[in-house]
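Asks: Before anything else, here's the structure in question.
The values are calculated or read from the model by the stated rules, or taken from the named source; none is laboratory data. What you see is a predicted model; the values in this text were computed from it and never measured. Quick reminder, even Gly has a Cβ in these numbers, built from the backbone with ideal geometry, and neighbours come from all protein chains shown. Quick note on the areas: whole protein, heavy atoms, side chains included, nothing else; ligands and nucleic acids left out. Shrake-Rupley method; radii C 1.70, N 1.55, O 1.52, S 1.80 Å.
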Amino acid sequence: VKSLLNKFGMGDCKPVLTPITELLEKNDGFSKSVDPKEYQSMVGSLLYLAIATRPDISFAVGVASKFSSCPNESHLTAVKRIMGYLKGTIDLGLLYSASLEPHCVGYSDADWASDIDNRHSTTGNTFIMNGGPISWLSQKQRIVAQSTAEAEYVRCQTSCLAVQTSK
């Protein structure tokens, strides 16, 4: 995390408590374009962290990654916020208990129509074994749910598929 922050000139950034505060949209009407290569490099580095060791940033990085082809200032600000969150939580990591009995628990949730541009919902889940996450996911649902209940039903299907494929 320290090398990532330094690589993008964020080593001395202000720490923040949350990785995301508002949902982004493709074009807010006033933000100017930014360099796509730099933005893609930043998002790619954050994706690596989200996949490898930091499930807490998965949703925020997923939202930011949608705008990699045509990023603007508001998208870059969101990516920098994620880095500020990493700065404030630099000592967090995955920790597993040395318990003799393996204990696995799964959690999942969905929002309803959080994508401002196309009204798709997002599903998230995590599976925890011996106190630490072993699998996590945050992804846009394939269909447009007509209600919160339908978004949760789609989430259940996605979570069940995740359990079946991980066996």
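Asks: Within segment 87-111, take every residue that is farther than 16 Å from Ala149 by Cβ and among the hydrophobic types (A, V, I, L, M, F, W, C) and give me the one that is modelled with the highest pLDDT.
Replies: First pass over segment 87-111, keeping only residues farther than 16 Å from Ala149 by Cβ: 87-107.
Checking which are among the hydrophobic types (A, V, I, L, M, F, W, C) leaves us with 90, 92, 94-95, 98, 100, 104-105.
On the way: Ile90: 93, Leu92: 86, Leu94: 82, Leu95: 80, Ala98: 81, Leu100: 66, Cys104: 86, Val105: 89.
So, considering only residues that are farther than 16 Å from Ala149 by Cβ and among the hydrophobic types (A, V, I, L, M, F, W, C), the one modelled with the highest pLDDT is Ile90.
Asks: Quick check on my filter: what residues within segment 15-62 are under 25 Å from Asn125 (Cβ atoms) and surrounded by fewer than 14 Cβ atoms within 10 Å (Cβ to Cβ)?
Replies: Matches in segment 15-62: Leu17, Thr18, Thr21, Glu22, Leu23, Gly44, Tyr48, Ile51, Ala52.
Asks: Could we say that Ser68 is in a helix (DSSP H, G or I), open to solvent by less than 70 Å² (accessible area, probe 1.4 Å) and on the phi < 0 side of the Ramachandran plot here?
Replies: In short, no.
Asks: Report whether or not Ala113 is more than 16 Å from Thr126 (Cα to Cα) and touching a residue at least 24 places away in the same chain (Cβ under 8 Å).
Replies: yes
Asks: Looking at Val61, Val16, can you tell me which residue is under 26 Å from Ser135 (Cβ atoms) and modelled with pLDDT of 90 or more?
Replies: Val61 is the lone residue from the list that is under 26 Å from Ser135 (Cβ atoms) and modelled with pLDDT of 90 or more.
Asks: Further question on the same structure: Residue under question is Gln146, and the condition is that it be without any contact (Cβ under 8 Å) to a residue 24 or more places away in the chain and either open to solvent by 40 Å² or more (accessible area, probe 1.4 Å) or of a type in the set (A, V, I, L, M) (or both); does it hold?
Replies: Against the criterion (without any contact (Cβ under 8 Å) to a residue 24 or more places away in the chain and either open to solvent by 40 Å² or more (accessible area, probe 1.4 Å) or of a type in the set (A, V, I, L, M) (or both)), Gln146 qualifies.
Asks: Please work out which residue is most open to solvent (accessible area, probe 1.4 Å), limiting yourself to segment 117-139 and to residues that are closer than 16 Å to Phe59 by Cβ and free of Cβ contacts under 8 Å to residues at least 40 places away in the same chain.
Replies: The residue in question is Ser135.
Asks: Right, next: Among the residues of segment 79-110, which ones are hydrophobic (A, V, I, L, M, F, W, C), in contact (Cβ under 8 Å) with a residue 12 or more places away in the chain, open to solvent by 20 Å² or more (accessible area, probe 1.4 Å) and over 30 Å from Glu38 (Cβ atoms)?
Replies: Answer for segment 79-110, where residues must be hydrophobic (A, V, I, L, M, F, W, C), in contact (Cβ under 8 Å) with a residue 12 or more places away in the chain, open to solvent by 20 Å² or more (accessible area, probe 1.4 Å) and over 30 Å from Glu38 (Cβ atoms): Leu95, Ala98, Cys104, Val105.
Asks: List pairs: first residue in segment 66-78 and in contact (Cβ under 8 Å) with a residue 12 or more places away in the chain, second residue hydroxyl-bearing (Ser, Thr, Tyr) and part of a loop (DSSP other than H, G, I, E, B) anywhere in the structure, Cβ distance under 6 angstrom, at least six positions apart or on different chains.
Replies: Asn72/Ser31; Glu73/Ser31; Ser74/Ser31
Asks: Here's a follow-up. Quick one: Ser114 ticks every box in (1) open to solvent by less than 50 Å² (accessible area, probe 1.4 Å); (2) among the hydroxyl-bearing types (Ser, Thr, Tyr); (3) at pLDDT 85 or above except a single one, so which number is it?
Replies: Status for Ser114: all satisfied but (3).
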